[in-house]
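Okay, structure first, notes after.
Nothing in this text is a laboratory measurement; each read-out follows from the coordinates by a stated rule. Computed from a predicted model, the values in this text were never measured in an experiment. Methodologically, a virtual Cβ is constructed for each residue, glycine included, from the backbone with ideal geometry; neighbour enumeration extends over all protein chains shown.
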Amino acid sequence: MSDSFVPVATLSQLAPGEAIDVVIGGTEIALVRDEDGDVHALEDVCSHQDIPLSDGDVEGCTIECWKHGSQFDLRTGRPLQLPAVLPVPVYPVRVDEATGEISVDPTGQLTP
């Protein structure tokens, strides 16, 4: 079995409570570090409208789309606040504790 994880950033590039946009093979992914320091990866588009989630606000383990206020759970991609009703895909993340390197598996979609 091949390893599909792709290095995309380091912990030093992503402070707790921040989100950045990374692109893997044409797929735009919001890389998010929640307020507890855990790293999450989800499709970088609000399921309500084509708005980048990486431009939104991180609070706890959620990210809020700046345009209309939809909130998404970073662990599941499920919407927690209207107007979005559809989840966004979530991808597996691996963090190398020794180097701080963050890798994402864009082929291992966890949800929906």
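Some observations on this one:
- Among Gly26, Val93, Gly37 - extreme Cα towards positive end, dipole of the stretch 12-112, charges at beta-carbon: Gly26
- With the biggest extent put first, the Cα atoms of the stretch 64-112 measure 40, 20, 13 Å across the principal axes.
- Shown here are the Rg and Dmax of the Cα trace of the stretch 25-71, at 10.3, 29 Å.
- Note on the stretch 82-112 and the stretch 8-36: Cα centroid distance 10 Å, given to the nearest whole angstrom.
- R0 of 30 Å, Cβ-Cβ distance Lys67-Ala15: FRET efficiency to nearest 0.05: 0.80
- Net charge over other residues, Cβ less than 9 angstrom from the Cβ of Ala19 (K, R count +1; D, E count -1): -4
- For the chain, taking a cut-off of 4.7 Å between Cβ atoms, the unpaired cysteines are Cys61.
- Cα principal axis extents for the stretch 7-112, largest first, Å: 40, 26, 18
- Per-residue 3J(HN,Hα) values for the stretch 95-100, derived from phi via the Karplus relation 6.51 cos²θ - 1.76 cosθ + 1.60 with θ = phi - 60°, read 10, 7, 5, 6, 9, x Hz in sequence order (x marks Gly and Pro).
- Rounded to whole numbers, the Karplus 3J(HN,Hα) couplings from phi for the stretch 68-84 are 10, x, 5, 10, 10, 6, 5, 7, 10, x, 6, x, 10, 9, 5, x, 5 Hz, using 6.51 cos²θ - 1.76 cosθ + 1.60 with θ = phi - 60°, and x at Gly and Pro.
- Taking a ≥ b ≥ c as the square roots of the Cα gyration tensor eigenvalues, the stretch 8-51 comes out oblate, since a/c reaches at least 1.5 and a/b does not exceed b/c.
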